[in-house]
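Peer 1: My questions will all concern the structure given below.
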Amino acid sequence: MSASILKGKKGIIFGALDPQSIAWKVAEKCVEEGATITLTNAPVALRMGQLQQLGEKLNAEVLAADATSIDDLTKLFEQSMEILGGKIDFMLHSIGMSLNVRKGKNYTDLNYDWMQKTFDISAISFHKMMQTALKMDLMAEGGSILALSYIAAQRVFPDYNEMAESKALLESFARSFGYHFGVEKKVRVNTISQSPTKTTAGSGVKGFTEFFDYADKMSPLGNASADACADFCVMMFSDYTRMVTLQNLYHDGGFSNMGMNPAILRDA
Ligand SMILES: NC(=O)c1ccc[n+]([C@@H]2O[C@H](COP(=O)([O-])OP(=O)(O)OC[C@H]3O[C@@H](n4cnc5c(N)ncnc54)[C@H](O)[C@@H]3O)[C@@H](O)[C@H]2O)c1
């Protein structure tokens, strides 16, 4: 399904860890559609991960950056502009991690130091990325910035834990920073609220299989896959969506507007 809708565009993709990662599929599709990109992840992820292989396959430089560090972001943006030869047209923030989730803490017994770290990695990093980009005049006019979210920002999913607040913060940063980026640089900022997806971050949430199956049954189209999410991201990076900004866009097979689906009751 290639139409080269990103031909000539330059992008930075954060958060590809392994072939299951949503960002991995986005990177593949962006290149398939004609973009040139750099790939980035936290230094520790590069040591454990397979990102180098993706870089070789896509002819994309792999650059280490902890997305919570302004120094790392600054270096990453300088290197990316040099490697890609100019300003950047699109960026994907595909980063999430909760220490309380990872350590099995319940929502009513959270460690607050870990909570702050979770917010820093999963949400504040998005603000840091945009603030650093704006100060460096990184983005080309008409550019597009995206982050990935989840519907626990709006509704209760008890096992999603403090990631719910992370996503609420992330979506709010998209709106508030999107205003400034729009006015100053004509750059759009949006979040995509994606279905449960079988990835390292997704599967780390307690009860993931149950709510994956529940959402799949509740949604008229079923859960949206990582591949479908990548197609949507490509469209959001393309000029076809040049007037869409400050939005949280549901990419969930219709889940977010369902009240009841008889299929759930039938199989209960
Ligand atoms: N999987 C799902 O069910 C689902 C659903 C909706 C939204 N999302 C969101 O999609 C995004 C991508 O997650 P995924 O499901 O592809 O899982 P993933 O585990 O493949 O990706 C998460 C990434 O965050 C990176 N990361 C963690 N700390 C970092 C740091 N300090 N600096 C830079 N990178 C760091 C990890 O190395 C990893 O590559 C996340 O924001 C996640 O919350 C996932």
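Every read-out reported here was derived from the displayed coordinates using simple, explicitly stated rules and does not represent laboratory data. None of these values were measured; they are calculated from a predicted model. So basically every Cβ, Gly included, is an ideal-geometry build from the backbone, and we count neighbours across all protein chains shown.
Peer 1: Could you compute the net charge surrounding residue 29? Neighbours are other residues with a C-beta less than 12 Å from the C-beta of residue 29; K and R count +1, D and E count -1.
Peer 2: Within the 12 Å Cβ shell, the charges total -4.
Peer 1: Taking only Cα atoms, what is the 0 to 90° angle, nearest 10, from helix 208-218's long axis to the longest principal axis of the chain?
Peer 2: The answer is roughly 80 degrees.
Peer 1: Can you tell me which of 81, 130, 243 moves the most in a GNM of the chain? Springs connect C-alpha atoms under 10 Å apart.
Peer 2: Sorting by GNM fluctuation, first place goes to 243.
Peer 1: Run the paramagnetic zone check for residue 107: 7 angstrom along Cα to Cβ, then residues of the range 179-205 with backbone nitrogen under 19 Å.
Peer 2: 194-197, 202-205
Peer 1: How large is Rg/Rh for the range 21-98, to two decimals, with Cα atoms and a Kirkwood Rh?
Peer 2: 0.93
Peer 1: In degrees from 0 to 90, rounded to the nearest 10, what is the angle of the helix 22-32 Cα long axis to the longest principal axis of the chain?
Peer 2: Helix 22-32 and the main axis of the chain meet at about 40 degrees.
Peer 1: Quick check: Cα centre of the range 1-38 to Cα centre of the range 128-188, how many Å?
Peer 2: Spelled out, the Cα-based centre of one part sits 19 Å from the other.
Peer 1: Below 8 Å, C-alpha to C-alpha, sequence gap of six or more: please give me the relative contact order for the chain in percent.
Peer 2: Relative contact order of the chain: 19 percent.
Peer 1: Which net charge results for the neighbourhood of residue 89, defined as the other residues with beta-carbon distances under 14 angstrom from its beta-carbon, given Lys and Arg at +1 and Asp and Glu at -1?
Peer 2: Charge balance near residue 89 sits at +4.
Peer 1: Something else about it: Can you give me the angle between helix 70-84 and the longest principal axis of the chain, using Cα atoms only, in degrees from 0 to 90, rounded to the nearest 10?
Peer 2: In the chain, helix 70-84 runs at an angle near 60 degrees to the longest axis.
Peer 1: Enumerate the aspartates and glutamates that residue 29 could reach by cross-link, defined here as Cα to Cα under 20 Å, with residues fewer than 8 away along the same chain left out.
Peer 2: 18, 56, 61, 89, 227, 231, 239, 252
Peer 1: With a sphere of radius 11 Å drawn around the Cβ of residue 6, what net charge do the other residues whose Cβ falls strictly inside it have (Lys, Arg +1; Asp, Glu -1)?
Peer 2: 0
Peer 1: Work out Dmax and Rg for the range 136-213 from the C-alpha atoms and quote the Rg first, both in angstrom.
Peer 2: 15.1, 44
Peer 1: Suppose the chain between residue 18 and residue 175 were pulled fully straight at 0.36 nm per residue; how much longer would it get relative to their current alpha carbon spacing?
Peer 2: Extra length available between residue 18 and residue 175 comes to 53.6 nm.
Peer 1: Could you check the spin-label model distance between residue 70 and residue 221? Points 7 Å from the Cα along Cα→Cβ, value in nm.
Peer 2: Taking the simple label geometry, residue 70 and residue 221 are separated by 4.1 nm.
Peer 1: A further question follows. Would you please state which residues of the range 159-203 a label at residue 134 would reach in this model, taking the label point 7 Å out along Cα→Cβ and a backbone N cut-off of under 18 Å?
Peer 2: Residues 169-191 fall inside that zone.
Peer 1: Which lysines have a Cα lying under 29 Å from the Cα of residue 103, excluding residues fewer than 8 positions away in the same chain?
Peer 2: Within the straight-line cut-off, residue 103 pairs with 25, 117, 128, 167, 198, 206.
Peer 1: While we're on this one: Please work out how much length the chain gains when fully extended from residue 200 to residue 116, using 0.36 nm per residue of separation minus the C-alpha to C-alpha distance, in nm with one decimal.
Peer 2: 28.1 nm
Peer 1: Here is a further query. What number do you get for the chain when its Cα radius of gyration is normalised by 2.2 N^0.38 Å, N = residues?
Peer 2: Rounded to two decimals, the normalised Rg is 0.97.
Peer 1: If you take every DSSP beta bridge fully contained in the chain, what fraction is antiparallel? Give it as a percent rounded to 5.
Peer 2: Around 0 percent of the beta bridges assigned by DSSP in the chain are antiparallel ones.
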